[in-house]
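S.K.: Okay, here's the structure, questions in a sec.
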Amino acid sequence: MRVTSNLIYNQSALSMAKANERYLKVQEKIAQNTEIVRPSDDPNGAGQLLRYEADSKLMKQYKDNMTLATNSLKYESVALESMNTTLNSINVLMIQSQNGAYSQDDYDTMAEEIENFLHSMADLMNSQDSNGKYIFAGTNAGSPAFIKNVDGRYQYDGDEAQRNAQIGDNITIATNDSGKKIFEDTWTRNNFTAVTSAGSATLSSRVADQDAYDAFLKKNYSAVNPALNNFQLVTESPGAGQFEISDSSGVIATGNYQPGEPFTFNGMEFTLTGAAGSTVDFSFDVPTRDNVLNQVQSAIDALRNPSLSSGQREEAILDAFTSIKNTQANMSTASSSVGARLNTIDNRTDYGASKEIFNKEAQENIGGLNVYKATTELKLSESALEASQLLFQRLSSLSLFNSL
């Protein structure tokens, strides 16, 4: 083989270039603190690192979602607790208003106090979270959940959906609750209508035992066949002091009564004053739902109306009591649900933290830099580079003619 000056030069330059490449590669590993700078360094390890990095980014997104969800749910929890306190205060004032010794001025004063609490309740029902989203407006969170119409009645203006956050690969969680379900669709007090259709007796009727009446209505009310909701009470004549009650199937109850004295049937109280021989037609009122604010407002209006009898005022107060009771039951259910969701987020947060640690350890095991080994390799590659550079310098100054 013929050895030329060019061959010696090229081999020396190639050796120096390789030494420089090894040196720079080690430097790059140290600078980036990883054994795998390029996929070619370890194709299998690089693929695993990419998967772990993608998983870590996803876990971070879940963590951010859980933080936002937690904030929103905590705002809702505080709002529900405050509203429960407000409704309790309204209840106390309405109980006081049932004292028959009060004057109209007293009723007006209590009505004003209740109205102040009502306004506070309305504000809380339009609570916003830290991002300015209306908590109880469903997914229509950019606008107030409840508005007050020109007629003074409150109306829900959101939707029935819930905003959701993904906190796991296959786990989503609701970050709010619709105010329609909690406040707007609250069952009002069940009642009935009674009229005298025959006879001269004067009739007075009311629900005297709400629980008994509610149970009777629940068992017998028909939304499909309204005829089944009608009943008839007949006082016998001659033989004053006896009555019978019938429905579409026939007589369902009989009993004795004293004219002018109340008697009851499944929570319904009737008072007939006058001669026997009268017929009373009575029927279930259709169960309805209404916003608790409207029911309380009706009670306020009744307190301010001096033309109402004590019985009429009491009916309005009882309507508000029932609406508040049912609303607080809805709020209790919502609060329990919020608590359960917060517990779920706590559990997922703990899981996410553990998985994040695992991912970091796995990435370190696959691509983590052994500092001692890298430092040693850097010194060796640096020495090799210096040696190749020195050799190149010497060979560059030589010529085969120098040996002749």
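S.K.: Quick check on the range 172-183. Is at least one of its residues in a strand (DSSP E or B) and buried (at least 16 other Cβ atoms within 10 Å of the Cβ)?
M.R.: yes
S.K.: Here is a list: LEU93, LEU124, LEU118. Which entry is in contact (Cβ under 8 Å) with a residue 40 or more places away in the chain, under 30 Å from SER309 (Cβ atoms) and in contact with a helix residue (DSSP H, G or I) (Cβ under 7 Å, 6 or more places away or on another chain)?
M.R.: After applying the criteria, what remains is LEU118.
S.K.: Is there a residue in the range 130-147 that is touching a helix residue (DSSP H, G or I) at 6+ places or on another chain (Cβ under 9 Å), in contact (Cβ under 8 Å) with a residue 12 or more places away in the chain and part of a helix (DSSP H, G or I)?
M.R.: No - not one qualifying residue is present in the range 130-147.
S.K.: If I ask for residues that are of a type outside the set (Ser, Thr, Tyr) and crowded, with 16+ Cβ neighbours inside 10 Å, which ones from the range 141-169 would you list?
M.R.: The answer is ALA141, PRO144, ALA145, PHE146, ASP157, GLY158, ARG163, ALA165, ILE167, GLY168.
S.K.: Got a sec? Which of SER222, SER283, SER248 is touching a Ser or Thr at 6+ places or on another chain (Cβ under 8 Å), farther than 30 Å from ILE95 by Cβ and small (Gly, Ala, Ser)?
M.R.: Within the list SER222, SER283, SER248, the selection yields SER283.
S.K.: Could you check, for the range 104-122, whether at least one of its residues is surrounded by 14 or more Cβ atoms within 10 Å (Cβ to Cβ), assigned to a helix (DSSP H, G or I) and in contact with a Phe, Trp or Tyr (Cβ under 8 Å, 6 or more places away or on another chain)?
M.R.: yes
S.K.: Continuing with the same structure: Give the range 241-275 a look and list any residue that's surrounded by 17 or more Cβ atoms within 10 Å (Cβ to Cβ), touching a helix residue (DSSP H, G or I) at 6+ places or on another chain (Cβ under 7 Å) and not in a strand (DSSP E or B), or say none.
M.R.: ASN266, GLY267
None of the figures in this text is laboratory data; all of them are computed from the coordinates on show. All of these numbers come straight from a predicted model, not from anything done at the bench. When we count neighbours, we look across all protein chains shown, and the Cβ atoms used for this are built from the backbone with ideal geometry, even at glycine.
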